[in-house]
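Asks: I have a structure I would like to understand better, so I am pasting it below and will then ask my questions one at a time.
No value in this document is a laboratory result; all are computed from the given coordinates. Here the structure is a predicted model, which is why all the values come from computation and not from measurement. Cβ sites come from the backbone with ideal geometry, for glycine too, and all protein chains shown count toward neighbours.
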Amino acid sequence: MKLKVLSIRLTVGLVMALLLLVLVAGVSYTNMLSGFGSVKSLSPGIGTSWWVIGRSGVGAGPLISMGPGLSTGTYTGAMGSVTLHGTLANMRGFSAASVWFEWGDTPALGNSTPVQNVGAIGVYTASITGFNPNGFYYRFDGSTLDGTSYGTIVKGTAAGIPGWYNILSTVLPIVWLCIVALTIWMLVSIEIPLVLAVVIGAILALVGIAGVQAILSAIRTLWS
């Protein structure tokens, strides 16, 4: 009787041990699968392309893209033209890189300078025209075979803009529109049909605004 009870206990113990072993193996296998295909705490090196072993085999890199190290610099110039500066500080082990500037009247940018293909770190520049002298935005970008980097967007106003220019650019259009309104009133007062007077006023407004913009553009050019 005692031998039978002992045999039962041994059998139950073996079954429990096997179940525990299967449970531990299953958890380990699940963790192993969840770890495949991911990369944790990797420190990118110079010009490094990463490879990863996944569930379906070995995957080709680069898994992590590293563009060149760079920063957006200052700008110099006057109303008509400014020169943008940017620093290429690290080429990530590559012997060639491409750099350029993006710029525009809003942070969305929208314009870019010609690409410069370079072979060394240093400060690079590009000149731009046609921007809003009261406020424009730009950044320095660069790329290598391993990826692209984008500098910080910087806001600037063209150096050398006199204070009276901003006042003039606001006042002139208003003065001209007042002149147009006075003209329409005078035409109507001498019994010119209202519709015709409004058409004449609209034409004067368009021509006048174009003239104002031409005057302001000429001032910017002369001042620069």
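Asks: Using the Karplus curve 6.51 cos²θ - 1.76 cosθ + 1.60 with θ = phi - 60°, what ³J(HN,Hα) values do you get for each residue of the range 139-153, in whole Hz, with x for Gly and Pro?
Replies: Ordered by residue, 3J(HN,Hα) equals 8, 9, 10, x, 8, 10, 5, 9, x, 10, 10, 10, x, 6, 6 Hz.
Asks: How long is the gain from residue 178 to residue 132 if the chain were fully straight, where each residue apart is worth 0.36 nm and the alpha carbon distance is subtracted?
Replies: Working: separation 46, 0.36 × 46 = 16.56 nm, distance 2.53 nm.
Extra length available between residue 178 and residue 132 comes to 14.0 nm.
Asks: Please list, in chain and number order, the residues 5+ apart from residue 112 or on another chain whose amide H is under 5 Å from its amide H, with Hs placed from the backbone.
Replies: Answer set, sorted by chain and number: 103.
Asks: Continuing with the same structure: Starting from the Cα-Cα distance between residue 202 and residue 167, subtract it from 0.36 nm times their residue separation and give me the gain in nm to one decimal.
Replies: Working: separation 35, 0.36 × 35 = 12.60 nm, distance 2.45 nm.
Stretched out fully, the residue 202 to residue 167 stretch lengthens by 10.1 nm.
Asks: Quick check: residue separation of residue 213 and residue 186 times 0.36 nm, minus the Cα distance between them. What number comes out in nm?
Replies: Contour length minus Cα-Cα distance gives 7.1 nm.
Asks: Less than 19 Å from a label point 7 Å out along the Cα-to-Cβ axis of residue 145: which backbone N atoms in the range 66-110 qualify, by residue?
Replies: From the range 66-110, the list is 66-69, 90-99.
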